[in-house]
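Trainee: Handing you this structure, nothing more for now.
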Amino acid sequence: MKSEENALQVLDLGVMDVEFPRRDVELILTELGRESQRKRKLPASMTVYLVIALGLITSVGARQVLRHLLDQVRDRHRWGGRLASEAAITQARKRIGVEPLRTIFERFVRPLAPKWLTTGWFRSWRVVSIDGSTVRVLDTDQNEARFGRPKAVRGKTAYPQMRLVGLLENGTRILFAVAFGAYRIAENTLARSVLTRLTPEMLCLADRGFFGYALWDQAVATGAALLWRVKSTLKLPVLERLQDGSYRSELRSPDKRKRAVRVISFTLTFKSGKATQYRLITTILDPHLAPALELAHLYAKRWTIETMFEEVKVRMGGPKFLLRSGSPDLVE
């Protein structure tokens, strides 16, 4: 609740207009044929800002969030008259649909870390991480049909869940790419959509659950540098030992193609005494550009995206966080 109180204090249409300029929002709505056709209590551009605010403030009703957004505006009589009802808000959200929000996200949400922000960069590369999570949605027949539920030992889980995968800029904690779908869809499948946002200036960190020959090839094709953990069962022959303790190897896919990689192996021993073996593969083949010890330390930064998901679902949304909409389209 503390995070939501803070959001209420700083969130208004002035802030929204700086981050997502109203003129640009209205142009996108026009491009997609979703602009307001007649004068309404809740114009399309205002509905966009409201939807963004609803994602930040999850524990109060939509009408209360709208009232807060309109406080300053109503004083200047830009949108006078009575406040829209909950039913009118729902209808307004249905009218604009998901595409304007998706387009606004893709155009405006992007990595921003300046070069001086040391947590945002590793040498010449912008550090990003990929990972997945799940989000609970309201328990309605429509949501269950679209998203499904996890299996439970007895009966069924309390809420349907949607699965999502995102790309995070580590230094700013900006989730600048996201794909979501039904709970049954594998993270590797959703990852195909977000990997298209990688660029040659980036270095992407990923856990061992994401490695697969096809996904690795797709990520390599973007030109980004990669540092991914792999399972111990993956065969990585030693082709050349390097002075920094790493070695050159190659991936040998089922179709017999070979891909050059460099392997960094190390063991982490925790305070409990438990030791865990890590094997990382990277596309950075020259150890002078990225020594093995530095890459091993860098890989620990992959946890940034996991802690960010936790903050969204627990610290910002509260322990009972779930997406408020009973309709799958409004969930999206």
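Trainee: Going by average Cβ density within 10 Å per residue, which order do the peptides 48-56, 298-306 take, highest to lowest?
Mentor: On the way: 48-56: 19.9, 298-306: 18.1.
Descending packing order for the listed peptides: 48-56, 298-306.
Trainee: Shifting gears a bit: Ranking request for peptides 284-296, 103-115, 131-143, 263-275: highest mean number of other beta-carbon atoms within 10 Å first, then the rest in descending order. If you can, show how the numbers build up before the last one.
Mentor: On the way: 284-296: 16.9, 103-115: 14.3, 131-143: 19.2, 263-275: 11.5.
Final packing ranking: 131-143, 284-296, 103-115, 263-275.
Trainee: Okay, moving on. Count the lysine pairs in segment 176-293 whose Cα atoms lie under 21 Å apart, taking only pairs 8 or more positions apart in sequence or on different chains.
Mentor: Details: LYS231/LYS256; LYS231/LYS258; LYS231/LYS274; LYS235/LYS256; LYS235/LYS258.
Lysine pair count for segment 176-293: 5.
Trainee: Okay, next question. Quick one: helix 44-56 against the long Cα principal axis of the chain, what's the angle to the nearest 10°, folded into 0 to 90?
Mentor: 50 degrees
Trainee: Sticking with this one: Based on the Cα coordinates of the chain, what is the per residue volume of their convex hull in Å³? Please report the intermediate quantities before stating the final value.
Mentor: Numbers: hull volume 59.5 nm³, N = 332.
In the chain, the Cα convex hull volume per residue is 179 Å³.
Trainee: Go from 0 up to the bin containing the longest alpha carbon distance in segment 127-267, width 5 Å each, and give me the % of pairs per bin.
Mentor: Over segment 127-267, the share of Cα pairs per 5 Å bin runs 2, 9, 16, 17, 16, 14, 11, 7, 5, 2, 1, 0 percent.
Trainee: Further, regarding this structure: If the cut-off is a Cα-Cα distance under 27 Å, which lysines reach LYS313, setting aside same-chain residues fewer than 8 apart in sequence?
Mentor: LYS2, LYS94, LYS151, LYS156, LYS301
Trainee: Right, next: With +1 on each Lys and Arg Cβ and -1 on each Asp and Glu Cβ, and nothing else charged, work out how big the dipole of the chain is about its Cα centre, in Debye to the nearest 20. Please report the intermediate quantities before stating the final value.
Mentor: Values: 55 positive and 34 negative charges, 142 e Å.
For the chain, the charge dipole is close to 680 debye.
Trainee: Ranked from highest to lowest mean number of other Cβ atoms within 10 Å per residue, what is the order of the peptides 213-222, 146-155? Show your work: numbers first, answer last.
Mentor: Values: 213-222: 16.0, 146-155: 12.5.
Peptide ranking by packing, descending: 213-222, 146-155.
Trainee: Count charges around ARG279 for me, please; just the other residues with Cβ under 9 Å from its Cβ, Lys/Arg as +1, Asp/Glu as -1. Kindly include the intermediate steps, with their values, before the conclusion.
Mentor: Working: positive: ARG208, ARG229, LYS231; negative: none.
With Lys, Arg at +1 and Asp, Glu at -1, the neighbours total +3.
Trainee: By how many nm would the segment from GLU250 to VAL18 grow when fully extended, if each residue of separation counts as 0.36 nm and the alpha-carbon distance is taken off? Spell out each step's value before the answer.
Mentor: Values: separation 232, 0.36 × 232 = 83.52 nm, distance 4.81 nm.
My answer for the length gained is 78.7 nm.
Trainee: Another question, if that's okay. Classify segment 17-59 as rounded, prolate or oblate, taking a ≥ b ≥ c as the square roots of the eigenvalues of its Cα gyration tensor: rounded when a/c is under 1.5, otherwise prolate if a/b is larger than b/c and oblate if not. Working shown, then result.
Mentor: Numbers: a/c = 2.25, a/b = 1.43, b/c = 1.57.
Cα axes put segment 17-59 in the oblate bin.
Trainee: While we're here: Expressed as a rounded percentage, what relative contact order does the chain have, with Cα pairs under 8 Å and six or more residues apart? Walk me through the intermediate numbers first.
Mentor: Values: 540 pairs, mean separation 54.0, N = 332.
Worked out over the chain, it gives 16 percent.
Trainee: Using unit Cβ charges (K, R positive; D, E negative) and no other charged atoms, how large, in debye to the nearest 20, is the dipole of segment 87-131 about its Cα centre?
Mentor: Working: 9 positive and 3 negative charges, 25 e Å.
It comes to approximately 120 debye.
Trainee: Classify segment 215-332 from the C-alpha gyration tensor, please: rounded if a/c falls under 1.5, else prolate or oblate depending on whether a/b exceeds b/c. Intermediate values should be presented prior to the final figure.
Mentor: Numbers: a/c = 2.59, a/b = 1.67, b/c = 1.55.
In terms of gyration-tensor shape, prolate.
Trainee: Now a separate question. With +1 assigned to the C-beta of every Lys and Arg and -1 to the C-beta of every Asp and Glu, and no other charges, what is the dipole magnitude of segment 249-332 about the Cα centre in debye, to the nearest 20?
Mentor: So the magnitude is around 320 debye.
Trainee: Evaluated at 37 °C with a viscosity of 0.692 mPa s, what Stokes-Einstein diffusion coefficient in µm²/s does segment 101-152 have when Rh comes from the Kirkwood expression over alpha-carbon pairs? Intermediate values should be presented prior to the final figure.
Mentor: Details: Rh = 15.1 Å.
Stokes-Einstein gives a translational diffusion coefficient of 217 µm²/s.
Trainee: Still on this structure, please answer the following. Which one, VAL15, VAL98, VAL261, has the greatest fluctuation when you compute a Gaussian network model over the chain with C-alpha springs under 10 angstrom?
Mentor: So, out of VAL15, VAL98, VAL261, the one fluctuating most is VAL15.
Trainee: Another question, if that's okay. Can you work out the PRE-style zone for LEU239? Point 7 Å along Cα to Cβ, and I want the residues of segment 185-215 with backbone N under 12 Å.
Mentor: none
Trainee: Additional query: In a Gaussian network model over the chain where Cα atoms closer than 10 Å are linked, find which of GLU201, GLU311, GLU19 has the largest mean-square fluctuation.
Mentor: With Cα springs under 10 Å in the chain, the top fluctuation among GLU201, GLU311, GLU19 is at GLU19.
Trainee: So, one more: Take every Cα-Cα distance within segment 72-178, group them into 10 Å bins from 0 onward, and report for each bin the whole-number percent of pairs it holds.
Mentor: 12, 22, 27, 24, 13, 1
Trainee: Report the local net charge at SER327: Lys and Arg +1, Asp and Glu -1, summed over other residues whose C-beta lies under 14 Å from its C-beta.
Mentor: On the way: positive: ARG93, LYS94, ARG95, ARG146, ARG324; negative: GLU86, ASP139, ASP141, GLU144, ASP329, GLU332.
For residues surrounding SER327, the net value is -1.
Trainee: Grab the other residues whose beta carbon is less than 11 angstrom from that of GLY171, score K and R as +1, D and E as -1, and report the net.
Mentor: +3
Trainee: Another question about this same structure. Could you give me the percent of Cα pairs per 10 Å distance bin for segment 115-197, shortest bin first, beginning at zero and ending with the bin that holds the maximum distance?
Mentor: Cα pair-distance distribution for segment 115-197, in percent: 18, 36, 26, 14, 6, 0.
Every read-out reported here was derived from the displayed coordinates using simple, explicitly stated rules and does not represent laboratory data. Computed from a predicted model, the values in this text were never measured in an experiment. So basically every Cβ, Gly included, is an ideal-geometry build from the backbone, and we count neighbours across all protein chains shown.
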